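Chemist: Take a look at this one; I'll ask things after.
Computed from the coordinates by the stated procedures, all read-outs in this text should not be read as laboratory data. In this text the structure is predicted, and so the values were computed from the model without any measurement. Neighbour counts run over all protein chains shown; Cβ positions are idealised from the backbone, glycine included.
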Amino acid sequence: MPFRQRYLFVCTNRRPDGHPKGSCAAKGSEEIAVMLKEALARRGVAKDVARSCTASCMDLCEIGVTVLQEPEHVAYGAVSAADVEEIADAVASGGVVDRLVMHRAGESPVSRASQTTQTKQSGAE
């Protein structure tokens, strides 16, 4: 079994309909997991550089579809099909998609709303 330099773990946890946290599967994560595998394969990195795998609950479903990238140990939140190509490009080149990062090692998860507020307050927009 080849060991890859990077791994993407896509939460595909499914909770009952109406659960207050929702679930990544109900938000489209199963399709995103397949799309990420295909995107990595198209870039020629799926066999030796990067692998996309499904995972059970990472306890972040309230922030939307969650993808954990290792070894950078960042959690992407609210991932959509529109983000797949950018994530695959970043993983293939050893980078991170900063705009999707909801959690970094040693930090508490943040919401999109608080990130947007922080960006506007800092004048970075």
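Chemist: Name every residue in region 51-68 that is over 14 Å from Val34 (Cα atoms) and small (Gly, Ala, Ser), in order of residue number.
Modeler: Of everything in region 51-68, those that are over 14 Å from Val34 (Cα atoms) and small (Gly, Ala, Ser) turn out to be Ser56, Gly64.
Chemist: Do we have any residue at all in region 27-38 that's of a type in the set (Val, Ile, Thr) and surrounded by fewer than 20 Cβ atoms within 10 Å (Cβ to Cβ)? First the steps, then the outcome.
Modeler: Kept after step one, since they are of a type in the set (Val, Ile, Thr), are these residues of region 27-38: 32, 34.
If we keep only those that are surrounded by fewer than 20 Cβ atoms within 10 Å (Cβ to Cβ) as well, we get 34.
Yes, there is a match, as at least one residue in region 27-38 is of a type in the set (Val, Ile, Thr) and surrounded by fewer than 20 Cβ atoms within 10 Å (Cβ to Cβ).
Chemist: Restricting to region 1-54, count the residues that are part of a loop (DSSP other than H, G, I, E, B) and over 20 Å from Glu86 (Cβ atoms). Please lay out each step first, then the result.
Modeler: So the first thing to find is which residues in region 1-54 are part of a loop (DSSP other than H, G, I, E, B), and the list is 1-5, 12-24, 28, 43-49.
Remaining after also requiring over 20 Å from Glu86 (Cβ atoms): 1-3, 12-23, 47-48.
Qualifying residue count, region 1-54: 17.
Chemist: Only one of (1) within 25 Å of Pro2 (Cβ to Cβ); (2) surrounded by 12 or more Cβ atoms within 10 Å (Cβ to Cβ); (3) among the basic types (Lys, Arg); (4) in contact (Cβ under 8 Å) with a residue 40 or more places away in the chain fails for Lys47. Which number is that?
Modeler: The one condition Lys47 does not meet is (2).
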